[in-house]
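K.L.:
Supplied in structure tokens, the structure appears directly below.
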Amino acid sequence: MKIAADEAGFEAEFVQISEPSVKDALDSDKYDILMPFGSAIESTSGKKSVISENIFRTPFTLVTEGKRDIPPFSNLRVGMLHSQKGVADTIRSLYPGIVIITYDNVDGCVKALRNNEVDALLHNSFFWSYILQKPAYENLVVQPSSMFTMDFKAGTADTPDGRALIERLNKGIKQINETKRQAITLDYTSRRLYKYDVSDFFYSYWLIILLAVLLFIAVIIIAVQKTRGLLKENEEKIQKLIDEDPLTGVLSMDGFRKRAEELISENPNAPYFLSYNNIRDFKYINDKLGRVAGDDLLKFWAARSMEFIDDEEAIGRITADRFAVLRKIASDEEILADEKNVIIPVRNFFINQGKDINVQLCSGIYVLTPADFVDIDVDHMLDLARITEKKVRQNREQSYLFYNPDQWVKGKKATDIINNLPAAIKDQELQVYYQPQVNYNTGEITGAEALCRWNHGKLGHLRPSEFIPILENCGLIFDLDKYVWDRVCQDLKKWNERGHHQTVSVNVSRSDIREDRDIAKIFSSLIQKYNLSPDQLHIEITESAYVENSELLINTANSLREHGFKVEMDDFGSGYSSLHMLKEVPVDRIKLDLHFLKDSGDPEKSHIIISCVIKMINALGIDLITEGVETTQQARFLQSEGAVEMQGYYFYKPMPIEEFEKLI
Ligand code: C2E
Ligand code: CA
Ligand code: CA
């Protein structure tokens, strides 16, 4: 058309018609000439048209999905491109009865075919030979039997101007000979190789692409993991560099601080001390024997120390010739052993090499207190140890000093107590004393409290106040109490057999009572074992325990009472004495402690308080015994208030079983 127009001397501009059909376009004056026409047609409004000579002839074919029989044209549903609506008009006029549905693009056509909306698609053969190269259309089949040809002509409204235009165009059309026509046709259709687009590529190679993608993802995952591993390894290496002293292999300052914090929090009952150690005149050694010799000394010291520490101890090099050590030591013997194993070999390091230099170590020792295990501050403890080390360096008399020698003594004692408990139980260092309880009216001995005594092999006679808190702290009190309870039950059994039905009060520590421990069951198996009746045992639970965990305490007390034991609230008046508790807690007897009034100033006020407390307890219907009665006046006063059950030095001190047996 372009060639024809050129030949005819037109300057042609091609636009796509915007009207739904060529018929409609004929009524518009936007276009001089329209295409394609097969024959002259009427416009929508009924205008006649005039058409040109044939420009070229095109073979048209139907395409179906797979090979199949197609209905005759008069009964056929055909899909065509929207852009071919001119052709569609022509075909409709050629084959009345045919249904033509147009679609925006080839994909739309093919989809319609596949969904059976149409029986076949129609386009010219050149188009098919081009587009069917697309891989996704490989199952579309050209139906050669259906081929027909169509003329392509230009046309316009049948007016004098229109006719003149067509006449002039016809001259141009005549200039195009057959060879040229064929060349053009070939150039624009079958000579052109189908151009693959991205979707074709995916269609053809989806499996390979999928595999490639999976492979890629796998490679990425492996790479990420590998990188992470390397990073972690690197981090660990760096951490090790930070945590370790490269010269000696012991911990660095940072590493030591971290490890010490860990150990202290993991071992809250260990007898730890922290020492700060320094070589006296290290600079002199370096200057005289050289740096290498100095380094050798440090390495030797570190290696020697490492040999004698265990997994729950740590050693770190702070700077130059300063080392920090966290050790679990609780006796002078162990300190001496350290001296022999580490300090003396270090002292003789150069002498053993035939050099006349004596190495002196200075150590400051800080002994950890219970508070240090709660609020762990390694730097602070090291500071205190360092201050002490400085003193050692200055006074030149000792090689070590304690920052807090009292704590050292205390710690040693605690360790002696803790470590010796099993042996004490076995070797009967532990004894049960009995303190009689009397009825002041009758003078009769109505009961006794079992109190523990420890004649420690090394520490001598220990008061309960010296060892009970320590054992409570480290969770060993239960072992002691079980022993005491058992002994008491044995004694009760012995007395029962002699026909004497005695009752004894035993103490239950607050740390004996735990969610996971059934105290009532323990007592009831004891009385079964020794064939006792439950009323022979009074269980004393200290008042403050009720405040700490009232729910557990109430349950325990209830359970004990259900088993037939009498429950006593010990030390009433010495602690919190919550009135609320008196209401809530199930007890059979209250032990009023007189100690609490002893030091208080005004005896008149004391009398009023005691008198009122007694009235209150009576009114609540709870039994009462007063302990700590030391004088006649106290006893008489209590008697006048109606509180006649008493226990105290005024009557009897706690006594060994032999003495107690004589009494009863
Ligand atoms: P506690 O249960 O209040 O025992 C009474 C304490 O008061 C006993 O001290 C007793 O000797 C003392 N005492 C008795 N009468 C008088 C007196 O008139 N004046 C004075 N000042 N003191 C008097 P002890 O035997 O030293 O025991 C102290 C604490 O140790 C006991 O206080 C008890 O809480 C605990 N305890 C003793 N033995 C055991 C035991 O076997 N297990 C447990 N868990 N704790 C025990
Ligand atoms: Ca008691
Ligand atoms: Ca008491």
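K.L.:
Assess whether residue 270 counts as being more than 20 Å from residue 381 (Cα to Cα) and either loosely packed, with under 13 Cβ neighbours inside 10 Å or hydrophobic (A, V, I, L, M, F, W, C) (or both).
P.N.:
On the way: more than 20 Å from residue 381 (Cα to Cα): no; either loosely packed, with under 13 Cβ neighbours inside 10 Å or hydrophobic (A, V, I, L, M, F, W, C) (or both): yes.
Answer is no for this residue.
K.L.:
Within the range 572-592, take every residue that is touching a strand residue (DSSP E or B) at 6+ places or on another chain (Cβ under 9 Å) and open to solvent by 40 Å² or more (accessible area, probe 1.4 Å) and give me the one that is modelled with the highest pLDDT. Even if it seems obvious, please write down each step before you answer.
P.N.:
As a first pass, look at the range 572-592 and keep what is touching a strand residue (DSSP E or B) at 6+ places or on another chain (Cβ under 9 Å): 572-575, 581-582, 585-592.
After this cut, where a residue has to be open to solvent by 40 Å² or more (accessible area, probe 1.4 Å) as well, the list is 574-575.
Values: 574: 77, 575: 70.
Filtering the range 572-592 for residues that are touching a strand residue (DSSP E or B) at 6+ places or on another chain (Cβ under 9 Å) and open to solvent by 40 Å² or more (accessible area, probe 1.4 Å), the one modelled with the highest pLDDT comes out as 574.
K.L.:
Still on this structure: When the residues of the range 306-343 are filtered to those that are among the polar types (S, T, N, Q) and over 14 Å from residue 271 (Cα atoms), which remaining residue is surrounded by the fewest Cβ atoms within 10 Å (Cβ to Cβ)?
P.N.:
For the range 306-343, the residue satisfying everything is 319.
K.L.:
What is the residue count in the range 440-468 for residues that are over 20 Å from residue 570 (Cα atoms) and open to solvent by less than 20 Å² (accessible area, probe 1.4 Å)?
P.N.:
Residues that pass the stated criteria total 3.
K.L.:
Within the set of pairs 6+ apart or on separate chains, which have a first residue in the range 519-535 that is acidic (Asp, Glu), a second that is outside any loop (DSSP other than H, G, I, E, B) and modelled with pLDDT of 95 or more, and C-beta atoms under 9 Å apart?
P.N.:
Hits for this filter: 535/566.
K.L.:
Any chance the range 84-96 includes a residue that's more than 60 Å from the chain's Cα centre (by Cα) and more than 29 Å from residue 154 (Cβ to Cβ)?
P.N.:
No, that holds for no residue.
K.L.:
Right, another one. Pull out all pairs, ordered by first then second residue, where Cβ-Cβ is under 8 Å, the residues are six or more apart or on different chains, the first lies in the range 562-587 and is under 20 Å from residue 519 (Cα atoms), and the second is at pLDDT below 80 and within 16 Å of ligand 3 (Cβ to nearest atom).
P.N.:
Listed pairs, sorted by first residue: 569/546; 585/546.
K.L.:
Just the residues that are farther than 23 Å from residue 489 by Cα and either within 16 Å of ligand 2 (Cβ to nearest atom) or exposed (fewer than 15 other Cβ atoms within 10 Å of the Cβ) (or both), please, taken from the range 520-551.
P.N.:
If the condition is that a residue be farther than 23 Å from residue 489 by Cα and either within 16 Å of ligand 2 (Cβ to nearest atom) or exposed (fewer than 15 other Cβ atoms within 10 Å of the Cβ) (or both), then 543, 544, 545, 546, 548, 551 are the ones that fit.
K.L.:
Could you list, in sequence order, the residues of the range 27-53 that are open to solvent by less than 30 Å² (accessible area, probe 1.4 Å), modelled with pLDDT of 90 or more and not hydroxyl-bearing (Ser, Thr, Tyr)?
P.N.:
Within the range 27-53, 34, 50 qualify.
K.L.:
For residue 415, work out the one condition from (1) away from ligand 1 (no atom under 16 Å from the Cβ); (2) touching a Pro at 6+ places or on another chain (Cβ under 6 Å); (3) outside any helix (DSSP H, G or I) it doesn't fulfil.
P.N.:
Every condition holds for residue 415 apart from (3).
K.L.:
Kindly provide the set of residues from the range 371-402 that are at pLDDT below 95 and loosely packed, with under 13 Cβ neighbours inside 10 Å, ordered by number.
P.N.:
Those that are at pLDDT below 95 and loosely packed, with under 13 Cβ neighbours inside 10 Å: 371, 374, 375, 394, 395, 396, 397, 398.
K.L.:
Here's another thing I want to ask about it. Could you look through the range 611-650, keep only residues that are within 16 Å of ligand 2 (Cβ to nearest atom) and farther than 20 Å from residue 566 by Cα, and pick out the one that is surrounded by the fewest Cβ atoms within 10 Å (Cβ to Cβ)?
P.N.:
Taking the candidates together, the pick is 649.
K.L.:
Of the residues 430, 471, which single one is surrounded by 20 or more Cβ atoms within 10 Å (Cβ to Cβ) and over 21 Å from residue 654 (Cα atoms)? It would help to see each step written out before you state the result.
P.N.:
Numbers: 430 fails: over 21 Å from residue 654 (Cα atoms).
Going through 430, 471 in turn, just one is surrounded by 20 or more Cβ atoms within 10 Å (Cβ to Cβ) and over 21 Å from residue 654 (Cα atoms): 471.
K.L.:
Pairs, please: C-beta under 7 Å, at least 6 apart or cross-chain, first residue under 17 Å from residue 623 (Cα atoms) and outside any loop (DSSP other than H, G, I, E, B) and in the range 635-658, second among the acidic types (Asp, Glu) and within 11 Å of ligand 1 (Cβ to nearest atom)?
P.N.:
Note: pairs meeting the criteria are 647/449; 647/627.
The values are calculated or read from the model by the stated rules, or taken from the named source; none is laboratory data. In this text the structure is predicted, and so the values were computed from the model without any measurement. Cβ atoms come from the backbone with ideal geometry, glycine included; neighbour counts cover every protein chain shown. The accessibility values were calculated without ligands, DNA or RNA, using every heavy atom of the protein model including side chains. Shrake-Rupley method; radii C 1.70, N 1.55, O 1.52, S 1.80 Å.
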